[in-house]
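The values are calculated or read from the model by the stated rules, or taken from the named source; none is laboratory data. Because the structure is a prediction, the values reported are computed rather than measured. Reconstructed Cβ throughout: ideal geometry from the backbone, glycine too, with neighbour counts over all protein chains shown.
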Amino acid sequence: MTDDQWHVEDFEAGDLALASGATLHNARLRYHRLGKLNAPKDNLILLPTYYGGAASGNHPWVTPGGPLDPERYCLVIPALIGAGESASPSNTPGRQGGAGFPVVSLYDNVRLQRRLLDAVFGGARLALVMGWSMGGMQALHWGALFPDRVSAILAVCASGRCHPFNRMFLEGVRAALTADPAWAGGHYRQPPRQGLAAFGRVYAGWAYAPAFFRQRLYRRLGFDSPEALLAFWARDHQAQDANDLLSVLTTWSQADLADHPRFAGDGAAARARLTMPCTLMPCTSDQYFRVEEVEAEAAGMPGARVRPLASSFGHIAGGPGRVPEVQRAVLREAARLLAGDAP
């Protein structure tokens, strides 16, 4: 699969009323599309993006002849608001640019994605919503808010809300970035490079599991030492925009299926709406999307089952194309859901 086989398009949505009460003006949703929508409009698959990832990061899940075959399905990858491709602090002009970008929720993302489906794909029903990390969180939000539009859900290394320990991790990396004096409350003239590097280095320690380092699994990713891995994470984050990183970090840290007027804080009511086949695949060594918390959530989802991924790679295990044996397990489950097989 080469990048030029994907169509990269923008959905210009105008003003988007946000859950916070603010309005995102000139909201724009960047999305990648591959394959064609069929006449019954029942072959559409949505692959929302993950934290820190571009839409192209989900491409490894899509291969000719695989479960997500573009000859059979129309695949759409919507980029998270705030992450640098869709409307974001780094590409929004005027008062809403930079530090003035409003707080955006996962439900805001999902509602904009639905507008895309209605306007561009004729209100098609989703055969599958599938994502890793924040992508999986969006998939679960889709199931809670629009259950009549979703046939199946696959959430990899994800939960329906940001649990307290997860939020503690996120506040730690936020603090590492904003401690750089160059951050200037988000009004920086030059990128806060020291803060971005610190953000990346701290994040790396959470993204993997202790066993990953003990077993020297970093060598499978092309690094000869933990120090080389840390240096890569520092460089990678120095190439990203600080306001974008913290915008989506806030979206993640505030995520909660119950946080919508339809549910008025009632998490049980939100989870009860997930009656469609729904598989949650937490990693056994994930340090912030914990298996026990995913299992507790799934117990209140009528259509859910939990299939843990046994891996020492930690949260990174579920990333598209990252760990071959995990990729195979995830795609087998996607194939099962798309085939409508019973548990």
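Some observations on this one:
- The residues of segment 35-55 that are of a type outside the set (S, T, N, Q) and either within 19 Å of the chain's Cα centre (by Cα) or within 23 Å of A242 (Cβ to Cβ) (or both), listed by number, are L44, I45, L46, L47, P48, Y50, Y51, G52, G53, A54, A55.
- Output for segment 167-225, where each listed residue is over 27 Å from T284 (Cα atoms) and assigned to a loop (DSSP other than H, G, I, E, B): A179, D180, H187, Y188, R189, Q190, P191, P192
- Residue in segment 177-191 that is closer than 22 Å to D236 by Cβ, touching a residue at least 40 places away in the same chain (Cβ under 8 Å) and crowded, with 21+ Cβ neighbours inside 10 Å present: yes
- Within the option set G84, G100, G94, being of a type outside the set (S, T, Y), crowded, with 20+ Cβ neighbours inside 10 Å and assigned by TED's automatic domain parsing to the domain that holds D10 holds for one residue only, G84.
- Those residues of segment 54-72 which are within 16 Å of L338 (Cβ to Cβ) and surrounded by fewer than 22 Cβ atoms within 10 Å (Cβ to Cβ), in sequence order: T63, P64, G65, G66, D69, P70, E71, R72
- Within segment 295-323, the set of residues being within 16 Å of R216 (Cα to Cα), among the small types (G, A, S) and surrounded by 22 or more Cβ atoms within 10 Å (Cβ to Cβ) comprises S311, G314, A317.
- Odd one out for G84 among (1) more than 28 Å from Y73 (Cβ to Cβ); (2) of a type outside the set (D, E); (3) not in a helix (DSSP H, G or I): (1)
- Odd one out for L309, checked against (1) out of contact with any strand residue (DSSP E or B) (no Cβ under 6 Å at 6 or more places or on another chain); (2) in contact (Cβ under 8 Å) with a residue 12 or more places away in the chain: (1)
- Of the residues making up segment 156-169, those that are more than 9 Å from F289 (Cβ to Cβ) and surrounded by fewer than 21 Cβ atoms within 10 Å (Cβ to Cβ) are P164, F165, R167, M168, F169.
- Residue satisfying condition, being of a type in the set (S, T, Y) and part of a helix (DSSP H, G or I), within set S56, S159: S56
- Qualifying positions in segment 33-53 - in a loop (DSSP other than H, G, I, E, B) and buried (at least 24 other Cβ atoms within 10 Å of the Cβ): L47, P48, T49, Y50
- Comparison of A304, A270, A255, A239 shows that the only residue that is under 29 Å from A87 (Cα atoms) and in contact with a Cys (Cβ under 6 Å, 6 or more places away or on another chain) is A255.
- Pairing residues of segment 81-110 that are touching a residue at least 40 places away in the same chain (Cβ under 8 Å) with residues that are in a helix (DSSP H, G or I) and acidic (D, E), at Cβ distances under 8 Å and at least 6 apart in sequence or on separate chains, gives I81/D108; G82/D244; A83/D244; G84/D244; S88/D244; P89/D244; S90/D244.
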